[in-house]
Structures are given as C-alpha cells and as structure tokens.
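Have a look at the structure below before the remarks.
The values are calculated or read from the model by the stated rules, or taken from the named source; none is laboratory data. Quantities reported herein were computed from a predicted structural model and do not represent experimental measurements. Cβ atoms come from the backbone with ideal geometry, glycine included; neighbour counts cover every protein chain shown. What goes into the accessible areas is simple: the full protein's heavy atoms, side chains included, and nothing from ligands, DNA or RNA. Shrake-Rupley method; radii C 1.70, N 1.55, O 1.52, S 1.80 Å.
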Amino acid sequence: MFYSTRCKTSARVRLLRADQRGTVAVMMGLLFPILIGGLGLGFEVSNWYLQTRAMQNAADSAALAAAANASANYAVEAKAVAAQYYGFVDGTNNVTVKPLNNVTCPDGSNTCYRVTITSMVPLYLSQVVGYSGDTTVNGVKEKNLSSAAIAQQTKIQQALCLLALSKTGTALRTNGAPNSNFTGCSVMSDSASTCNGSNLNANYGLAHGSNSGCGNKEESNIPTVDDPYKAMAANIPTNTCGTKANNFPQLTKKGSNWSGGTSWSGSKNLNGTFEMCGDVQLTGNVVIITPDNTTGAVLVIENGQLDLNGFTLSTANGSAVTIVFSGVTTNPTGNYQHIPTDNSSGQGGVLNIQAPSGSSALFQGMAIYQDPNLTTGVDITYKGNNPDWKISGGVYLPNSNVQISGAVSQSTNGADCFVMIADTVLINGTSNIYQQSPDGSDCKNKAGLNIPTATIPGRGQLVY
C-alpha cells in the first residue's frame with residue numbers, strides 16, 4: 001500500500017514538472033511592472049520632447065520678433081508671437097515667457113535679445129519606475145521644461161538720394177506736395193522729418209528724430225549720417241582772385257537787363273581746373289568739352305553765381321565737369337551768391353551736366369560742389385525752371401536751405417544718378433527726382449559717386 005502511494009506521488013510530480021501550461025502568465029506577472037514602467041517612461045520622455053520642441057520653435061520666433069522690433073515694446077511683441085502662433089501664453093497654464101534685451105551676443109556685443117519659455121507638465125506612468133519629477137504644483141508632481149533662443153537684429157545700409165544734414169528742428173519737410181515722386185529714392189533727415197500732403201513716394205523715409213509721414217516705409221530713431229563729401233573741400237584750389245570786393249565783379253540790374261560780371265558763351269575746352277572770379281553770366285549757349293568724362297574738368301567760381309541768363313550750359317558727349325562755388329567766408333561789401341541762378345525774364349536756362357566718374361577726378365561723381373566753409377549766399381529755391389536742372393551726379397550744398405518745387409531730370413549724356421546733400425530741404429508742389437536704382441548701384445557703377453547710406457534695422461537673426 002505504502003509503496004503504491006509513493007509511486008503515485010512521484011508520477012504526479014513528474015507530470016507537474018513536465019506541464020508548461022500557465023508559464024507565460026507567471027512570467028508576465030513578474031515582468032508586467034517592469035513593462036508598464038518602461039512604457040510609461042517612454043511615453044513621458046516622448047511627451048517632454050514634443051513639448052520642448054514646440055517651446056523651442058516658439059522661443060526662436062519670439063526672439064526673432066523681439067530683435068526685429070528693437071524698440072521699447074520688444075517684450076510685448078515677443079510674448080504676442082509666442083501666444084498667437086504657438087499657444088504659449090505668459091502666466092497661463094504654468095507657462096512663463098521671459099524676453100530680455102541687452103543680452104551678450106556671441107561676438108561680445110550686448111545687442112542681442114533672448115526669450116526663455118518655461119512650462120510644467122504633469123507626470124503620468126513615469127512614477128511607476130520611481131521618477132518623482134523636479135517640482136510640485138498644488139501638491140502634484142510635475143516636470144519642469146525650458147527652451148531659450150537668442151537673436152540679433154541685422155543692419156542694412158540703405159542708399160540715400162536726399163540727405164538733410166541739420167541736426168536741429170525738422171531738416172526735411174514737405175508742404176502740400178501731393179504729386180511728388182521720389183520713386184527709387186530714399187530720403188534721410190539728421191533731425192526730424194515731416195511730410196504733409198505726400199509721403200514723396202520714396203522707398204524709405206528715414207529720420208534721426210521722429211518721422212511723420214515721409215516715405216513708403218517710415219523709420220524713426222535712425223543713427224545720423226555724417227557729411228559724406230566734406231573731405232572733398234581739400235581739393236578746392238587756392239583762391240587766386242584776391243580778397244577785395246572790386247576783384248569780384250558782380251551782376252547789377254540796369255532796367256530789365258543784368259550787366260557786369262564775366263560773360264561766357266560758345267564751346268569751352270577745359271582741362272584740369274579753371275577758375276573764374278565773381279559772377280559768371282551766359283550770353284549764349286555754352287558747351288563744355290573735356291578730354292574725357294572720367295577725369296573731366298573743374299570749374300571754380302570764386303565769390304559769384306552762375307547766371308544761365310536763359311541759356312543752356314551743357315557738357316558734350318564724352319565730357320564731364322564739376323562746378324565748384326567757393327570764395328572768401330566773410331563778405332566785405334555785400335551778399336555774394338554761390339549758386340546756379342537764372343536772371344532772365346523769358347525762357348528759363350538749363351543746366352545740363354554730368355559729373356566726372358573716374359577715381360582720378362578731384363571731385364569724383366560730383367556735379368555741383370559748394371565749399372562747406374561758405375555760410376551765406378548759399379540758399380537755393382529750385383522751381384524746375386529758371387533754371388532747369390538736368391544733372392547726373394551729386395549736388396553738394398551743405399549749408400544751404402533748399403526749396404524744391406520742380407522736377408530734376410537726367411542729363412542728356414550722363415548716368416541715371418542724382419544725389420543731393422543740403423542743410424535743410426523743403427519740398428513743395430510737384431517735385432520729382434528721376435528714377436534710379438534704389439541700392440545706389442547706378443551712381444556707384446555709372447557715375448562713380450559713392451552714395452551716402454543710412455543704417456536701418458533689418459530682420460532678426462538667430463545666433464543661439
């Protein structure tokens with residue numbers, strides 16, 4: 001009996017050892033906590049990655065917006081971008097959007113903008129493996145996530161065809177100029193600018209102070225632009241006309257006619273520098289002929305005006321000239337005029353000239369140059385006739401108060417380039433400057449004129 005029972009027990013043990021049913025269930029029971037923990041941790045990490053990636057995109061865009069704004073409300077714009085396009089609203093759902101300016105850039109400057117976005121996400125299955133997060137909010141364990149971006153505003157050099165140098169008041173103004181057209185041109189004031197009746201249709205209207213209504217694109221608080229051509233004054237030859245008043249013959253009015261000064265007419269072959277003392281008055285059309293249009297010639301008028309007197313002064317095809325107005329800085333007897341004029345009572349005169357374009361020219365790219373030492377007799381009122389300007393090159397009038405009420409045309413034989421520098425500029429009525437390349441390449445490549453540029457803000461650029 002005992003033996004039989006023993007044999008049956010042994011057989012059952014052998015059968016149990018050979019039976020594999022339920023093995024998987026046992027193994028799963030042992031592995032299930034580990035599996036749940038692994039899946040939970042993977043789910044959490046993926047969620048953190050996706051959230052951080054979205055936060056990084058928002059921080060990048062917000063930093064770019066802050067850098068492009070570059071004004072006192074840069075933070076407002078940065079937060080608005082993060083909220084509107086990515087849903088990260090500062091102070092909502094445990095989200096913080098923190099913009100900062102004056103941040104150190106990789107190049108060592110402190111002109112960068114940084115935006116840091118932080119948020120907290122609740123923990124789910126990762127707690128199964130013992131991860132308890134790095135912060136607690138209202139008793140709930142959460143994970144703190146953070147992304148940051150640094151951007152810097154780029155700078156653009158904008159070519160200018162009109163620059164008003166005065167650093168006080170409003171250097172550039174328009175007064176009811178609804179038909180003015182400065183297409184292809186950008187204008188700049190080293191103080192404030194105000195345009196009434198027209199924005200001039202200029203590409204950019206720039207001002208160191210406030211800009212009110214000037215330009216298709218308006219910018220204020222632009223760095224001042226230094227006088228770009230003042231150094232050329234060193235090329236003005238020594239005055240050999242003397243300093244006494246009787247050495248500078250001036251035009252006098254006799255009835256309806258003007259007389260006096262130096263009369264000029266016909267073809268004039270000029271080479272190098274040619275000096276004339278006192279007023280110069282045309283008594284017929286004058287054509288200036290020079291050996292070439294690169295070096296050209298320099299016509300210096302000492303203490304006098306250039307009175308076209310109803311005639312045309314032009315440069316021949318292949319010729320070029322710079323007209324320099326200079327003289328004594330103190331006037332012993334009266335008011336010298338150092339400008340082109342037209343004292344005729346009939347058909348207006350025409351100034352049709354192009355500037356020398358070569359690097360060997362004393363006044364490269366300059367058609368008219370007023371000595372910056374002159375402060376009186378330098379103001380110009382240009383009406384588009386009496387005289388009519390057809391000019392290729394620069395017109396430098398650093399101490400002149402200029403009023404423009406007419407169109408400036410391109411010279412017959414010259415490049416499409418016109419740049420005016422004055423102390424103040426007032427634009428009235430229909431005032432046009434012929435269209436040229438907005439980047440100044442026509443002036444540089446065709447007329448040889450290094451066009452002045454203003455530094456304006458560009459787009460933001462990520463640097464970190």
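Considering only DSSP beta bridges where both residues belong to the chain, give the percentage that are antiparallel (nearest 5). The partial results should precede the final answer.
Details: 32 of 110 bridges.
In the chain, DSSP labels about 30 percent of beta bridges as antiparallel.
Among the trypsin sites (Lys or Arg not before Pro) within segment 230-280, which fall in a DSSP loop and have no more than 12 other Cβ atoms within 10 Å of their own Cβ? List each step's numbers first, then the result.
Values: sites: 230, 244, 253, 254, 268; in loops: 244.
Sites meeting the loop and neighbour criteria: 244.
Using Stokes-Einstein with the Kirkwood hydrodynamic radius over Cα pairs, what translational diffusion coefficient do you get for segment 173-232 at 37 °C and a viscosity of 0.692 mPa s, in µm²/s rounded to a whole number? Working shown, then result.
Numbers: Rh = 11.5 Å.
The estimated diffusion coefficient comes to 285 µm²/s.
Quick one: helix 2-18 against the long Cα principal axis of the chain, what's the angle to the nearest 10°, folded into 0 to 90?
10 degrees
Can you return the lysines within cross-link range of residue 98? Criterion is Cα-Cα under 20 Å, with same-chain partners fewer than 8 residues away left out.
79, 143
Residue separation times 0.36 nm, minus the C-alpha to C-alpha distance between residue 381 and residue 267: what's the value?
Numbers: separation 114, 0.36 × 114 = 41.04 nm, distance 2.83 nm.
That pair, residue 381 and residue 267, stretches by 38.2 nm at full extension.
Which residues in segment 90-107 have a backbone N closer than 11 Å to a point placed 7 Å from the Cα of residue 137 along the Cα-to-Cβ line?
91-96
For segment 133-287, build the convex hull from the C-alpha positions and give me its volume per residue in Å³. Before the final figure, lay out each step's value.
Values: hull volume 44.7 nm³, N = 155.
Enclosed volume per residue, from the Cα hull, is 289 Å³.
Express in Å², to the nearest 10, the accessible area of residue 208 obtained by rolling a 1.4 Å probe over the protein heavy atoms while all chains stay in place.
The value for residue 208 is about 80 Å².
If each DSSP helix of 4+ residues adds -39,500 (n - 2.57) and the sum is divided by the residues in the chain, what number results at 222 nm, nearest 500 deg cm²/dmol? Before the final figure, lay out each step's value.
On the way: 3 runs with 77 residues, N = 464.
Taken over the chain, the calculation gives -6000 deg cm²/dmol.
Go through 56-63, 440-447 and give me the packing order, highest mean Cβ count within 10 Å leading. Display every interim value, and only then the final one.
Details: 56-63: 24.2, 440-447: 20.8.
Highest to lowest by the protection proxy: 56-63, 440-447.
At a threshold of 8 angstrom on Cα-Cα distance, excluding pairs fewer than six apart, so keeping six or more, what relative contact order does the chain reach in percent? Before the final figure, lay out each step's value.
Values: 1251 pairs, mean separation 64.8, N = 464.
For the chain, the relative contact order is 14 percent.
Please give the helix 23-69 orientation as an angle from the longest Cα principal axis of the chain, in degrees from 0 to 90, rounded to the nearest 10.
Rounded to the nearest ten degrees, it is 10.
Which of the lysines could a cross-linker bridge to residue 155, judged by Cα under 18 Å and excluding same-chain residues fewer than eight apart?
Once the sequence-local lysines are set aside, what remains near residue 155 is 217.
Determine the principal axes of the Cα atoms in segment 328-464, then give the extent along each, sorted from largest to smallest and rounded to whole angstroms.
Largest first, segment 328-464 extends 67, 38, 34 Å along its Cα principal axes.
Once the cut-off is 16 Å, how many percent of the Cα-Cα pairs in segment 51-132 end up in the long-distance tail? Don't skip to the answer; put the middle values down first.
Details: 1790 of 3321 pairs.
Beyond 16 Å sits 54 percent of the P(r) for segment 51-132.
Run through all the Cα pairs of the chain and give the fraction in each 20 Å bin from 0, expressed as whole percent.
20, 35, 18, 13, 7, 4, 2, 1, 0
So with the 1.4 Å probe, I'd like the accessible area per residue for the chain, rounded to whole Å². Walk me through the intermediate numbers first.
Values: 22030 Å² over 464 residues.
On a per-residue basis, the chain sits at 47 Å².
Ignoring ligands, DNA and RNA, what percent of the accessible area of the chain is carbon or sulfur (1.4 Å)? Before the final figure, lay out the partial values.
Details: 11160 of 22030 Å².
C and S fraction of accessible area: 51 percent.
Which aspartates and glutamates have a Cα lying under 19 Å from the Cα of residue 230, excluding residues fewer than 8 positions away in the same chain?
Within reach: 190, 302, 371, 379, 423.
If you line up the Cα atoms of segment 233-360 on their principal axes, what length do they span on each, largest first, in Å?
Principal-axis extents of segment 233-360 (Cα, largest first): 42, 35, 17 Å.
How compact and how long is segment 317-399, expressed as Rg and Dmax of its alpha-carbon atoms in Å?
When restricted to the Cα atoms of segment 317-399, Rg and Dmax are 13.9, 41 Å.
Specify the inter-centroid distance of segment 264-301 and segment 401-448, based on alpha-carbon positions, in whole Å.
Answer, in whole Å: 22.
Looking at the P(r) of segment 112-187, how many percent of alpha-carbon pairs lie beyond 16 Å?
Counting every Cα pair in segment 112-187, those more than 16 Å apart make up 74 percent.
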